[in-house]
Amino acid sequence: MSRLTHLSLLLGLWSAVGTAWPQEIEPPIVSARTDVVTLVVTVVDRKGTHVTGLRPEHFTVYDNGEPQAIQFFTSEDLPATIGLVVDSSGSTRNRRDEVTAAAMAFATISHPNGEFFIVNFNETVWPGLPPGVLFTDDTSLLRAALSAAPAQGMTALYDAVDRALDHLQHGRWDRKALIVVSDGGDNASSRTLDTVLEHARRADAVIYAVTLFDPDNREANPRVLKTLARETGGRAFAPGPGKDVAESVAEIAREIRSGYLIGFAPVETSDGGYRSLRVAVNAGDDRPLMARTRAGYYAAPTRRTIR
């Protein structure tokens, strides 16, 4: 959840009327909303083509089924903080070179001001970038980080996604995404899928998945990747044998750059419960459009008392 503070507006109002308050009378108590929920929204038509050029009045945001007033909206091609989470276990050995080439193509066609990091994993999880380098836009560093990882060992997918979600929070851009390249299997993590799903729901990040298909791998579990993508408003791609992984990551890059960023002030709540989200879109021209965003968010107290 992104926090947009409104205290400057309140201070301006106080200064404008402050001389009218007698010294013996305390200023009134003001409830100031301090949180705005931000959503990354992708809109496609019935052919799956990204739809751009829409305006705020074309969208309706539903929080637990109740329509909300949109307070922030942009359709600009904004930079993003993006993590590449790459399976380096033995089950992906045959497609390692292809994955490296696809990741490099993804970085090339992404926003020029974007920042990237890499998390490699087999039965352990380790950062791909050199020590002290949290993010980079240097393609040579990205290539070295991907090429140096051996494809061997077991698979700690859940631990890797959990670590990457933590790392995303250090990024400077509001738009955040993970690209997970794996077969979806996990046989080495200390985290569970439920734990990672909980973390993903709180992280305000979109997860995209590229499933590496291997018919001989009995531990592959593409449903895991589909679940992570669906819950966060992303997509799961499954390029089979003979299909180019680069096509999938290119589609992801286009989607990230064509999405909308929409914000609304959540309803007052005294707990931190999970609330469902849905975005409807109507361009007013009878086109059947679909809006995709994260499934929900964890509410936090949205008002503070200021005296």
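The values are calculated or read from the model by the stated rules, or taken from the named source; none is laboratory data. Just so we're clear, the structure is a prediction, and the values are computed from it rather than from any experiment. Here the Cβ positions follow ideal geometry from the backbone for every residue, glycine too, while neighbour counts run over all protein chains shown.
Taking the criterion of being of a type outside the set (S, T, Y), within 30 Å of L157 (Cα to Cα) and crowded, with 16+ Cβ neighbours inside 10 Å, would at least one residue in the range 54-65 satisfy it?
Taking every residue of the range 54-65 in turn, none turns out to be of a type outside the set (S, T, Y), within 30 Å of L157 (Cα to Cα) and crowded, with 16+ Cβ neighbours inside 10 Å.
Look through A250, A236 and report the one residue that is modelled with pLDDT of 95 or more and under 29 Å from F73 (Cβ atoms).
None of the other options fit; the residue is A236.
Looking at this structure, is N113 under 22 Å from the mean Cα position of the chain (by Cα), in contact (Cβ under 8 Å) with a residue 12 or more places away in the chain and surrounded by fewer than 14 Cβ atoms within 10 Å (Cβ to Cβ)?
Taking the combined requirement at face value, the residue satisfies it.
Tell me, which residue of the range 114-136 that is out of contact with any Phe, Trp or Tyr (no Cβ under 9 Å at 6 or more places or on another chain) and either outside any loop (DSSP other than H, G, I, E, B) or of a type in the set (A, V, I, L, M) (or both) is nearest to D186 (Cα to Cα)?
Top of the filtered list is F121.
Being closer than 22 Å to V196 by Cβ and touching a Leu at 6+ places or on another chain (Cβ under 9 Å) is the filter here, so list the residues in the range 138-171 that pass it.
Within the range 138-171, L157, Y158, V161, A164, L165, H167, L168, H170, G171 qualify.
Any chance the range 282-304 includes a residue that's at pLDDT below 95, more than 19 Å from the chain's Cα centre (by Cα) and part of a strand (DSSP E or B)?
yes
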